[in-house]
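Student: Quick one: this structure, given as structure tokens, is what I'll be asking you about.
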Amino acid sequence: QVQLVESGGGLVQAGGSLRLSCAASGSAFRINVMAWYRQAPGKQRELVAAITGAGTTNYADSLKGRFTISRDSAKNTVYLQMNNLKPEDTAVYYCFLAGDMYYWGKGTLVTVSS
């Protein structure tokens, strides 16, 4: 089993920044892709950004330039740096891991006030 623990969410004013972290733990697991998704109230969950084991990144087009995904392979941790946050970025942000199986974190709430 793999556990994903997110942290770093909170309340921030528009224009501010937050850094989310997601640490993966468990026994003998493989990481093909780690990603961040988000789900705003009343909306479907959407991909924010992903990073492969080789370090290749992919972003939602609307978020390019403001969000940056990175990883620390030694710590099995992925980060999401979010800059110039907007009220429409308010959502629960979920960590995702694709390896031998798919795993989801419980989510961390990001609230951006105007």
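The values are calculated or read from the model by the stated rules, or taken from the named source; none is laboratory data. Computed from a predicted model, the values in this text were never measured in an experiment. Side chains included, ligands, DNA and RNA excluded: accessible areas come from the protein's heavy atoms. Shrake-Rupley method; radii C 1.70, N 1.55, O 1.52, S 1.80 Å.
Student: Using C-alpha positions alone, give me the convex hull volume of the chain per residue in cubic angstrom.
Tutor: Per-residue hull volume (Cα only) is 92 Å³.
Student: For a test of understanding, tell me how many lysine pairs in the chain have Cα atoms under 20 Å apart, given they are 8 or more places apart or on different chains.
Tutor: Close lysine pairs under the 20 Å cut-off: 4.
Student: Starting from the Cα coordinates of region 41-104, work out the convex hull volume and express it per residue in Å³.
Tutor: Normalising the Cα hull of region 41-104 by residue number yields 104 Å³.
Student: I'd like to check one number: the per residue accessible area of the chain, probe 1.4 Å, reported in Å² as a whole number.
Tutor: The answer is 54 Å² per residue.
Student: State, to one decimal in nm², a quarter of the convex hull surface area for the C-alpha atoms of region 71-114, i.e. the direction-averaged projected area.
Tutor: Directional mean of the projected Cα hull area for region 71-114 stands at 3.9 nm².
Student: Also, quick follow-up: Over what distance in Å are the Cα centres of region 88-108 and region 5-51 separated?
Tutor: Using only Cα atoms, the two centres lie 5 Å from each other.
Student: Okay, moving on. Apply the Karplus parameterisation 6.51 cos²θ - 1.76 cosθ + 1.60, with θ equal to phi minus 60°, to every residue of region 74-84 and state each ³J(HN,Hα) to the nearest whole Hz, in sequence, with x for glycine and proline.
Tutor: Per residue, the Karplus-derived 3J(HN,Hα) values read 5, 9, 6, 10, 10, 10, 10, 8, 10, 10, 6 Hz.
Student: Once phi is turned into θ = phi - 60°, what whole-Hz ³J(HN,Hα) does the Karplus curve with 6.51, -1.76 and 1.60 give for every residue of region 40-51, x standing for Gly and Pro?
Tutor: So the Karplus estimates, Gly and Pro as x, are 8, x, x, 10, 6, 5, 9, 6, 9, 6, 9, 9 Hz.
Student: Could you please state how large a percent of the accessible area of region 14-56 is carbon and sulfur, counting protein chains only and using a 1.4 Å probe?
Tutor: Carbon and sulfur together cover 49 percent of it.
Student: Give me the number: length gained by fully extending Asp100 to Asn58, i.e. 0.36 nm times residue separation minus the C-alpha to C-alpha distance, one decimal in nm.
Tutor: Length gained, Asp100 through Asn58: 13.1 nm.
Student: A follow-up question, please. Would you grab the residues whose amide H sits under 5 Å from the one on Thr90? Only those 5+ places off in sequence or on another chain, please, with H modelled 1.01 Å from N.
Tutor: Here Val112 satisfy the definition.
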